[in-house]
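Chemist: Okay, handing you the structure first.
The values are calculated or read from the model by the stated rules, or taken from the named source; none is laboratory data. Keep in mind that what you see is a predicted model, and the values were worked out from it rather than measured. Backbone-built Cβ (ideal geometry, glycine too); neighbour counts: all protein chains shown. To get the accessible areas, we keep the full protein, side chains included, count just its heavy atoms, and leave off ligands, DNA and RNA. Shrake-Rupley method; radii C 1.70, N 1.55, O 1.52, S 1.80 Å.
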Amino acid sequence: MKNIVLLSIFSLALAHLNAQNTLTPETLWKLERVSEPRISPDGKMVIYNIRNFNVADNKGRSDIYVTPVTTTGDVIEAKSLVNKNIDKITATADLTNARWRPDGKKVGFITADANGESQLFEVAADGSGKSQVTFVKGGIGNFGYSHATNYIWYTADVKLEQKPSEVYPDLPKTDGARIIDGLMYRHWNAWSDYAFSHVFLATYTDGKTGAGKDLMLNEKFDSPLQPFGGDEQISFSPDGKKLAYTCKKESGTAAAVSTNSDIYFYDLITGQTTNVTQGMNGYDQNPVFSPDGKKMLWLSMETPGYESDRNRLFIMDVATGVKKELLTNFDFSVDQMDWSPDSRMVYFLAGWKGTHQLFSFDTQARGAATPKQITNEQADYQDLSLAYVNNKPVLIASRMSMVMPTEIYKVDANTGSATQITFTNKTFWDAVAKPKCEKRMVKTTDGKDMLVWVIYPPGFDATKKYPALLFCQGGPQSIVSQTFSYRWNFSLMASNGYIVVAPNRRGLPSFGEEWNDQITGDWGGQAMNDLLSAIDDVSKESYVDKNKLGCVGASYGGYSVYWLAGHHNKRFKAFIAHCGVFNLESEYGSTEEMFFANHDMQGPYWQSPKPKSYDAFSPHKFVQNWDTPILIIHNEKDYRVPLTQGMEAFTAAQLRGIPSRLLYFPDEGHHVLKPQNGILWQRTFFDWLNKYVKQ
């Protein structure tokens, strides 16, 4: 096999690197983003998605690729499955959600039809015979095949509420007005559109579908869960008699204060719907039937209203409805799971000590068996896909690290050894001067061991001195893992000459439930001490310039920046807060998912007695101590941490006479996703640090 890798739009990308081949904001956007690997039923081929961006057009486009699983150590030639002219980035609409048909003969995917509506299309495994399968008015969002390929399910929006201009047709110019009777009228980055995502069932015969049946007729609820749920939340039983779907059947204010989603069974024979997780009042989602149809796995959170509780792996006997937790002595959250063909072994992903790793578990093991850890690397595994060949598992997963973008690997289920099978960015990335990342264990103020990732600039020389950045993670319960982010990219920060200190402070998952839960009601307490312990420990090194320290973070990380700005005792020369919480009382009154605020603040600010967080831990109470330049970034469409939080902080800094700047994006939500906005974000970020930290 030829040592070739197709890099689609940027075979000449090396010419755009600067003379030192240093990673820059502009070159970061030239990387192709790999995701969603799916192995074929026969275990021979993998389909996956690659997303490219055209900065000039300010657009991205996704395409589907296919590559063989078997590798001889050569770089494998990957081929676009659908688009033949892949160099033209804006040539076609996005191609997403690529899934093998159970017989392996075709690949289904979603893309826009001639009317611009997202529909299910299919293509043969060799890339021939593209055809449209669904013709649903308004388009579809997700889909899935039954095992016998005689049915499909799909999701589609159903409009069940009216705008004021529809209620009162004689007032057509009130189209933008809203009459609101309950909370959750906006969520994350969008206002309610008067429609709800429903699950539909349709007959299917070799690319032809019958009329879809709405399984949630007249229900003002969404499946999958909004805004991040996908096809992992809906599945057919192997015999095709049941369809399981995830739904939180609450609306308005009740939905804003509850995390009670459930798994529902729709019986294709009787037409009846049953809640099979009734009485389990936290998040229940992602049903996966065993191949023999006798059991079902799903993820369940125990604590109502706690969105970051441990994801427990539950199993149910489908016939009797008897349920139990499968991994009773495993103190970590499960992310994704699948079965072996004999319905005995379960393979899953879980956060593990600052990374995401692969595990297996024998469901027939006696006693309090523990999972087997398959991988244990300084990397994150994601997107598990499984096939069996000659009665042996073939595991496919994507893998990334802080110093390498995502590629796809084949993993040996026995030894954990991983073989890279895609090389999407190899030529480009090989030419980039790379940072290095090391794990460092730091003692906290209460005597605990804390994992801290330290990322060093390319060509690091311990005889020199470097400025350093303390990275404050968001969430607040969100792991600092080996992710390769396209926003908070540690390689890019290090490539700008900074040592990056990224602590897994109190309140982060993958270190056990106790460590994760300790931030509840204590936002400004031990977690802040942990952050300072990390930067103080690394700053003891001779190669760190203690007079050139910066502090940066987003969301709860932005809160951390605001908090530390009033408590840092002159450690830092500059702060950067992105979409951070500044005033806990006004945040409580303007955010959308009230269960989050109720849990972490331990109640509303008017509760008696008043929870201590509002007075003891709200950053706006300590603005009188601010003495350091601060860059504030906030986005109009961020409804989780509304824009006024950043505006309040900027006003305070300006009136206090603190050197400050506000970077505002009218068209972004909690994250910055558009190419030109992303580059502006990075340029402003580093300009601020270079001015006040590097000086």
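Chemist: Only Cα pairs under 8 Å and at least 6 apart count here; give the relative contact order of region 214-298 as a rounded whole percent.
Modeler: Taking the mean separation of contacting Cα pairs over the length of region 214-298, I get 26 percent.
Chemist: Sticking with this one: Excluding F348 itself, what net charge comes from residues whose Cβ is under 13 Å from its Cβ, given Lys and Arg +1 and Asp and Glu -1?
Modeler: On the way: positive: R312, K372; negative: E232, D335, D338, D362, D383.
For residues surrounding F348, the net value is -3.
Chemist: Now a separate question. Label-point separation (nm) for Q364 and Q607, each offset 7 Å from Cα along Cα-to-Cβ?
Modeler: The two pseudo-label positions are separated by 4.8 nm.
Chemist: Measure up K294/K324; K30/K694; K465/K691 against 20 Å on the Cα-Cα distance and list the ones that go over.
Modeler: Checking Cα-Cα distances, K30/K694 exceed 20 Å.
Chemist: Among DSSP beta bridges whose residues both lie in the chain, state the antiparallel percentage, nearest 5.
Modeler: Close to 80 percent.
Chemist: Further question: Quick one: ranking D380, D362 by accessible area, 1.4 Å probe, largest first, what do you get?
Modeler: D362, D380
Chemist: Tell me, what is the percent relative contact order of the chain, built from C-alpha pairs under 8 Å that lie six or more residues apart?
Modeler: 10
Chemist: Could you give the distance between the Cα centres of region 591-635 and region 273-332, to the whole Å?
Modeler: What the calculation gives is 34 Å, centre to centre.
Chemist: Within region 585-621, whose backbone N sits under 19 Å from a point 7 Å along Cα→Cβ of T445?
Modeler: 612-621
Chemist: Amide H of Y466: which non-local residues (sequence gap of 5 or more, or other chain) have their own amide H closer than 5 Å, using H built in the peptide plane?
Modeler: V544, D545
Chemist: Quote the charge dipole size of the chain about the Cα centre in Debye, to the nearest 20; the model charges only the Cβ of Lys and Arg (+1) and of Asp and Glu (-1).
Modeler: Rounded to the nearest 20 debye, it is 1580 debye.
Chemist: So with the 1.4 Å probe, I'd like the accessible area per residue for the chain, rounded to whole Å².
Modeler: Value for the chain: 41 Å² per residue.
Chemist: A further question on this structure: Between region 401-433 and region 544-577, what is the C-alpha centre distance in whole Å?
Modeler: 34
Chemist: Going from most exposed to least, what order do E166, E302, E592, E325 have by accessible area with a 1.4 Å probe? Before the final figure, lay out each step's value.
Modeler: Details: E166 75, E302 115, E592 10, E325 40 Å².
Order by accessible area, largest first: E302, E166, E325, E592.
Chemist: Could I ask something else about it? If I take every Cα pair under 8 Å that is 6 or more residues apart in region 103-257, average their sequence separation and divide by the length, what percent do I get for the relative contact order?
Modeler: RCO, region 103-257: 19 percent.
Chemist: Let me ask another. Taking amide hydrogens as modeled 1.01 Å from N in the peptide plane, which residues meet the under 5 Å criterion relative to I263, leaving out close sequence neighbours?
Modeler: V276, T277
Chemist: Something else about it: Please state the shape class of region 619-695: rounded when a/c is under 1.5, otherwise prolate if a/b exceeds b/c and oblate if not, all from the C-alpha gyration tensor.
Modeler: It is oblate, given that a/c is not under 1.5 and a/b is not larger than b/c.
Chemist: Would you kindly derive the ³J(HN,Hα) couplings of region 284-289 from the backbone phi angles with the Karplus curve 6.51 cos²θ - 1.76 cosθ + 1.60 (θ = phi - 60°), listing them in order in whole Hz, with x for Gly and Pro?
Modeler: Listing the rounded values in order: 10, 7, 6, x, 9, 6 Hz.
Chemist: Probe radius 1.4 Å, ligands and nucleic acids ignored: give me the carbon and sulfur share of the accessible area of the chain as a rounded percent.
Modeler: 49
Chemist: While we're looking at this one, here's another question. Given a Förster distance of 22 Å, report the FRET efficiency between T274 and K324 from their Cβ-Cβ distance, rounded to the nearest 0.05.
Modeler: Approximately 0.70, to the nearest 0.05.
Chemist: Can you bin region 421-554 into rounded, prolate or oblate? Criterion: square roots of the alpha carbon gyration tensor eigenvalues sorted a ≥ b ≥ c, rounded for a/c under 1.5, prolate for a/b above b/c, oblate for the rest. Please list the in-between numbers first.
Modeler: Numbers: a/c = 2.23, a/b = 1.35, b/c = 1.65.
The shape class here is oblate.
Chemist: Further, regarding this structure: Residues with amide H under 5 Å of K242's amide H, sequence separation 5 or more or different chain, H placed in the peptide plane at 1.01 Å from N; which?
Modeler: For K242, whose amide H was placed from the backbone, the distant partners under 5 Å are S237, L268.
Chemist: Could the peptides 327-338, 467-478, 289-300 be put in order, highest first, of the mean number of other beta-carbon atoms found within 10 Å of their residues?
Modeler: Details: 327-338: 18.7, 467-478: 24.1, 289-300: 20.4.
So the peptides 327-338, 467-478, 289-300, ranked by packing, come out 467-478, 289-300, 327-338.
Chemist: Okay, moving on. HN-Hα J couplings of region 106-111 from phi, Karplus 6.51/-1.76/1.60, θ = phi - 60°, integer Hz, Gly and Pro as x?
Modeler: Going residue by residue, I get 9, 10, x, 7, 10, 7 Hz, with x marking Gly and Pro.
Chemist: Which of rounded, prolate or oblate describes region 263-377 when judged by the alpha-carbon gyration tensor and an a/c cut-off of 1.5?
Modeler: Working: a/c = 2.04, a/b = 1.35, b/c = 1.50.
Taking the square roots of the gyration eigenvalues as a ≥ b ≥ c, region 263-377 is oblate.
Chemist: Sketch the reach of a paramagnetic label on T303 as a point 7 Å from Cα along Cα-to-Cβ, and name the residues of region 454-486 whose backbone nitrogen lies under 12 Å away.
Modeler: Under 12 Å, as judged by backbone N against the label point of T303, lie 477 of region 454-486.
Chemist: Given the rule -39500 (n - 2.57) for each run of at least 4 DSSP H residues, summed and divided by the residues of the chain, what is its mean residue ellipticity at 222 nm, to the nearest 500 deg cm²/dmol?
Modeler: When only DSSP H runs of four or more count, the value is -3500 deg cm²/dmol.
Chemist: Hey, another quick one. Read phi for every residue in region 617-629 and hand back ³J(HN,Hα) as whole Hz from Karplus 6.51 cos²θ - 1.76 cosθ + 1.60, θ = phi - 60°, with x for Gly and Pro.
Modeler: With the stated coefficients, region 617-629 comes to 10, 8, x, 5, 6, 10, 4, 4, 8, 5, 8, 9, x Hz.
Chemist: Going through region 313-381, which trypsin sites (Lys or Arg not before Pro) have at most 14 other Cβ atoms within 10 Å and a DSSP loop state?
Modeler: R366
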